[in-house]
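The values are calculated or read from the model by the stated rules, or taken from the named source; none is laboratory data. A quick note: this is a predicted structure, and the numbers were derived from the prediction, not measured. Counting neighbours? That spans all protein chains shown, and the Cβs are built from the backbone with ideal geometry, glycine included.
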Amino acid sequence: MLSFAVDELRTITMQHKTTNWHQLVLLAILCLTPGLALAADAANYGFWSVVPPLFAIVLALVVRQVLPALFGAIWVGGWIAADFSFSGILTGLLDAFQVYVLNALADADHAAVILFSFMIGGLVGIISRNGGMLGVVHHISRWATDARHAASATATMGLAIFFDDYANTLVVGNTMRPVTDKFGVSREKLAYIVDSTAAPVSCLAFITTWIGYELGLIDDAVKQIPGFTESAYSVFLNSLAYSFYPIFAIVFVYMIALTRRDFGPMWKAENVPHEKRQTADVSMDPEIEADEQKPQRAINAVIPLLTLIISVMVGLWYTGEGDTLQDIIGSANAFKALMWGSLVAVLVAVILTLSQGLATLGETMEAWTVGVRGMLPAMIILVLAWSLSGVTKELGTASYLVSVLGDQLPLAIVPALVFVMAAATAFATGTSWGTMGILMPLVIPLVAAVVIANGGDVSGSAVLYSSVACVLAGAVWGDHCSPISDTTILSSMASGCDHIEHVRTQLPYALAVASVSILIGTIPTAMGLPWWVSMIAGVAVLWAIIRVFGRPPVAATTQS
């Protein structure tokens, strides 16, 4: 009886006999459904094909954990693929691990992303242990001579430690806390600066612990677009021009720091006497903390990072073809270049550490291992996201959604809708990486279908680039505003700020920047406005917000 009902529903949906409520439900999960594939020969399970990704979202919101949500969705997908048979409950569970996860790991490009990410994590561990990272911090902190310079130096330090958001948060928060205290900058302001120059910077930079993860998701999705030849790295680079929220967030931090004008709860926090502020702090993992008795030279971080960047650039040039830089990067094997660069950079970091006697070989390898270990949770999420992509490919999710929604969505609102959905998901779950893993596989192929349905060309599409940027940007917004996010918690702890106060004081700023990003940046560029015009206009609007609503602290003259 159950099989008969399932077959009837499948027949109805395959014949597009969808009612209005169907379309509303599908539109609601437009940006909450992972793992699309435009395989024409895939079996089409109709509306049932969207159940696994929808299940992942609902379970993630309920349990506040991405890993069980993703694995549970894979299990449900395996059961659907078995036509809801009783034995399919068990085989779906077993196949979730033995088939789908195994296939995700066996892919050569997937393995390259995992290896590169581990190597970058290990590199961060080594340059933390040899004192190079603290050396960079000490150089920048010398600029702090008053409250304005202390706040702007903190922001600059956040930009300098661009390669990892966790390292950024812990190092900047703990190091600059005594400096900002000295000049009367509130702990809430410090936590805001730390939080808004961690993930926003890491998601933009070319070489970070984020880049392998991001490229892995993008690459897996663009492969599902027929005739699309642009590389994942090229798509990422082109999306940066439309990354309005991360860019505006960083610009806004500097505006706040240099003008010393605040509004909302942050203004009140800036006027609370220092002796009444709560304190707390957290340190780096002791296994990768630098030895205070040994020199802390910035060059020991700068040289490995420059080596990484140069090696990757050389690798892209060597593996790419064409006459222009865009052609070369577009055709290059980015994963091969990233693996080469990360290996060479780690070797250089090891040599620098050992040659100066900053750590023993055993201590250096332990620091590398700790760094690698820090990347493991993200890599597990990534593998499960790839696995769910395989499930929905088998179920024909893309074919169904594209047939129902491909010509229903106004092109101009798609990127904005993507941002809002990504932000809401990340805020509710507290994870930007989990959000990206859930959304990216859907957004790219579905946006491609919408572009084609509106008579556009996917190659070089501003809407496609903007949608990719909005997945990253929305995920970052939700992650660094969510009270249950690890980076939000670390930011408040490392800055010695009450956690709820950090969330309360930061949220109005993040909402203001997000609103400007959508209204001045994302929507106008989707309608054809050049991205650079939106950038200039957005910065001007942010400046106007500070001048109109911002006020200096009461004791500004004495603190400065």
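Restricted to region 471-491, and to residues there that are among the hydrophobic types (A, V, I, L, M, F, W, C) and in contact with a Ser or Thr (Cβ under 6 Å, 6 or more places away or on another chain), the residue that is farthest from residue 421 (Cα to Cα) is 490. Considering every residue within region 448-459, establish whether at least one is modelled with pLDDT of 80 or more, within 29 Å of residue 67 (Cβ to Cβ), touching a Ser or Thr at 6+ places or on another chain (Cβ under 9 Å) and polar (S, T, N, Q). No, because not a single residue in region 448-459 is modelled with pLDDT of 80 or more, within 29 Å of residue 67 (Cβ to Cβ), touching a Ser or Thr at 6+ places or on another chain (Cβ under 9 Å) and polar (S, T, N, Q). Among the conditions (1) modelled with pLDDT of 85 or more; (2) out of contact with any Lys or Arg (no Cβ under 6 Å at 6 or more places or on another chain); (3) not hydrophobic (A, V, I, L, M, F, W, C), residue 208 misses just one, which is (1). Taking the criterion of being assigned to a helix (DSSP H, G or I) and among the acidic types (Asp, Glu), the only residue of region 437-485 that qualifies is 479.
State which residue is modelled with the highest pLDDT when the search covers only region 179-205 and only residues that are small (Gly, Ala, Ser), crowded, with 24+ Cβ neighbours inside 10 Å and under 30 Å from residue 233 (Cα atoms). Residue satisfying both the conditions and the ranking: 196.
Listed here are the residues, each with its yes/no results for (1) in contact with a Pro (Cβ under 7 Å, 6 or more places away or on another chain); (2) at pLDDT 80 or above; (3) farther than 28 Å from residue 125 by Cα.
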{"site": "255", "(1), (2), (3)": "no, yes, yes"}
{"site": "268", "(1), (2), (3)": "no, yes, yes"}
{"site": "274", "(1), (2), (3)": "no, no, yes"}
{"site": "287", "(1), (2), (3)": "no, no, no"}
{"site": "300", "(1), (2), (3)": "no, yes, no"}
{"site": "303", "(1), (2), (3)": "no, yes, no"}
{"site": "318", "(1), (2), (3)": "no, yes, yes"}
{"site": "322", "(1), (2), (3)": "no, no, yes"}
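Taking region 297-312 as the range and being under 10 Å from residue 345 (Cα atoms) and of a type in the set (S, T, N, Q) as the test, the residues that pass are 307, 311.
Condition check for residue 500 on (1) in contact with a Ser or Thr (Cβ under 7 Å, 6 or more places away or on another chain); (2) part of a helix (DSSP H, G or I): one failure, at (1).
Matching residues to (1) surrounded by fewer than 19 Cβ atoms within 10 Å (Cβ to Cβ); (2) polar (S, T, N, Q):
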| residue | (1), (2) |
| --- | --- |
| 75 | no, no |
| 92 | no, no |
| 96 | no, no |
| 102 | yes, no |
| 123 | no, no |
| 128 | no, yes |
| 134 | no, no |
| 168 | no, yes |
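If the condition is being among the aromatic types (Phe, Trp, Tyr), surrounded by fewer than 17 Cβ atoms within 10 Å (Cβ to Cβ) and either without any contact (Cβ under 8 Å) to a residue 12 or more places away in the chain or more than 20 Å from residue 258 (Cβ to Cβ) (or both), then region 509-551 contributes only 532. Taken together, the residues in region 466-488 that are within 20 Å of residue 521 (Cβ to Cβ) and surrounded by 24 or more Cβ atoms within 10 Å (Cβ to Cβ) amount to 15.
In this structure, residue 544 does satisfy being within 28 Å of residue 240 (Cβ to Cβ), among the small types (Gly, Ala, Ser) and out of contact with any helix residue (DSSP H, G or I) (no Cβ under 6 Å at 6 or more places or on another chain).
Taking helices (runs of 4 or more DSSP H) as the structural unit, those lying wholly within region 342-430 and holding at least 3 residues that are farther than 28 Å from residue 507 by Cβ and at pLDDT 90 or above correspond to 361-395. Residues of region 60-85 that are at negative phi and part of a loop (DSSP other than H, G, I, E, B): 65, 82, 85. If I ask for residues that are modelled with pLDDT under 85 and either under 15 Å from residue 435 (Cβ atoms) or within 21 Å of the chain's Cα centre (by Cα) (or both), which ones from region 64-84 would you list? Across region 64-84, the qualifying residues are 64, 65, 66, 67, 69, 70.
From the set of residues in region 144-171 that are of a type outside the set (Ser, Thr, Tyr) and under 20 Å from residue 477 (Cβ atoms), which is modelled with the lowest pLDDT? So, considering only residues that are of a type outside the set (Ser, Thr, Tyr) and under 20 Å from residue 477 (Cβ atoms), the one modelled with the lowest pLDDT is 164. Filtering region 342-381 to residues that are touching a residue at least 40 places away in the same chain (Cβ under 8 Å) and over 25 Å from the mean Cα position of the chain (by Cα) leaves 348, 349, 350, 352, 353, 356, 357, 358, 359, 363, 364, 366.
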